[in-house]
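Notes to accompany the following structure.
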């Protein structure tokens, strides 16, 4: 009987550990931006701004969004066809537009969130974590 209980306990402990990781608990195998092993939080508000982050709109935000986002998310694209079906009004060609959508941008493109860009386009992990840093620091 003791071996059955031990096996059942091992299964339960393993399941709880798996759920903790899936729900944002600690996992030493996940790596972030080099600051340590930290899973991606589920919201931008839970994401910590790294102290002394040098990223600004001029040196990171504007070039990042120009290179990766405004091909579909630009106010100059006025039809869904031209925007590759990106919603009208979700535009990232200004700091104001980015700030308006920063929570959603985080959930779709920053850190371990990889829904954007679509269509099999691969964005380097380090760029995703830099985006997370910049957004968490308030999009300076």
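All of the numbers you see were taken from the coordinates with simple rules; none came from a lab. Keep in mind it's a predicted model, so treat the numbers as computed, not measured.
List the relative contact order of the range 44-136 as a percent without decimals, with contacts defined as Cα pairs under 8 Å and 6+ residues apart.
Details: 98 pairs, mean separation 31.1, N = 93.
About 33 percent, as a whole number.
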task: Multiply the residue gap between residue 46 and residue 103 by 0.36 nm, knock off their C-alpha separation, and tell me the result in nm, one decimal place.
output: 19.4 nm
